[in-house]
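Data block below; observations after.
The values are calculated or read from the model by the stated rules, or taken from the named source; none is laboratory data. The shown structure was predicted, so the numbers you read here are calculated from the model rather than taken from an experiment. Because the Cβ atoms are built from the backbone with ideal geometry, glycine has one as well, and the counts that use them run over all protein chains shown. Protein only, heavy atoms only, side chains kept; ligands, DNA and RNA dropped before computing areas. Shrake-Rupley method; radii C 1.70, N 1.55, O 1.52, S 1.80 Å.
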Amino acid sequence: MILPSFKNISELPASIQPVITEFANKLLVNLSDNATALLVYGSAAGIDYNPGISNINIAVIVKTLDFAVLNQSLTLIKWGRQHKIATPLFLTKEYILGALDVFPVEFTEIKEQHKLIFGEDIFKDLDIPLKDLRLLCEQQVKGKLLRLRQAYLDIGSNPSVLKNFLISALSDLVPVFRQLIILKGQKPFERKEDMFEQLAQIFSLDQEPFLAVYHDKNKRVSISSHQVEAHLQNFLNQLEKLSRHMDSL
């Protein structure tokens, strides 16, 4: 197989260009002509990438996706994880087009922030229906509120475990926050700190717990053990306030 020249590699963070190029080369050799597109999405395709901390997210579009395709990719994916490449999304064009109403948040996230490095850019002009977004966002916000309360009751005031719950919750909620901003007719800011401020202004929230958890996750300012419960309380308060806005969207 003659390997292609990759697109947009120079637009990715310099520190990850070699590993993405190597991974993409190995993947195309593995998949041969079954691969129709490779793209990098998420923080590695934007301005929030944090070397050594952020994962590299890759979507792989193939013509056919059976168990053999998954099985033959296992060794390469293990290699990728050693280089901060998260387990890639393997998709077919038919699956994407048939699941737009099921995963509108996830596919909108990819559409809004990705770099195509090989093949056809199916996400660029993807028409994602917004009619189900409000309900899905409401489910995510209210569901996360419920689970965080239950987690606190289950584990008590264990600071390290609570902090991990907050970090995981924020990571899950960031795409939802962006969609809520879109539903209010605004374009979300790309930098997450700016996006948290934008969300807070639109919905009259306190951005402080989101910023604190985000900065801790990215090793900027650590949340100390005696601060965790206070941040959890404020985090829950802001999700409660946000959940009350859902019905008016």
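Miscellaneous remarks
- Dipole in debye (nearest 20) - the chain, about Cα centre, beta carbon charges: Lys, Arg +1; Asp, Glu -1: 380 debye
- In the stretch 1-68, the portion of solvent-accessible area held by carbon and sulfur atoms comes to 54 percent [1.4 Å probe, whole percent, DNA, RNA and ligands not counted].
- ³J(HN,Hα), Karplus 6.51/-1.76/1.60, whole Hz, each residue of the stretch 50-60, x for Gly, Pro: 10, x, x, 10, 5, 7, 9, 9, 10, 10, 10
- Surface exposure of the stretch 146-249, expressed per residue as accessible area with a 1.4 Å probe, stands at 51 Å².
- Using a probe of 1.4 Å on the protein chains alone, the accessible area found for E240 is around 50 Å².
- Of the accessible area of the stretch 91-189, computed with a 1.4 Å probe over protein heavy atoms only, carbon and sulfur atoms account for 54 percent.
- Backbone phi angles across the stretch 94-109, fed through the Karplus curve with coefficients 6.51, -1.76 and 1.60 (θ = phi - 60°), yield HN-Hα couplings of 5, 5, 4, 5, x, 10, 4, 7, 8, 10, x, 5, 5, 6, 5, 4 Hz in residue order; Gly and Pro are listed as x.
- Take E11: with every protein chain present and a 1.4 Å probe, its accessible area is about 100 Å².
- Among V161, V141, V176, residue whose mean-square fluctuation peaks in a GNM of the chain (springs only between Cα atoms under 10 Å): V161
- Averaged over its residues, the stretch 1-47 has an accessible area of 46 Å² per residue, based on protein heavy atoms and a 1.4 Å probe.
- For the set K111/K217; K93/K219; K63/K192; K7/K78, the pairs lying more than 30 angstrom apart at their alpha carbons are K93/K219; K63/K192.
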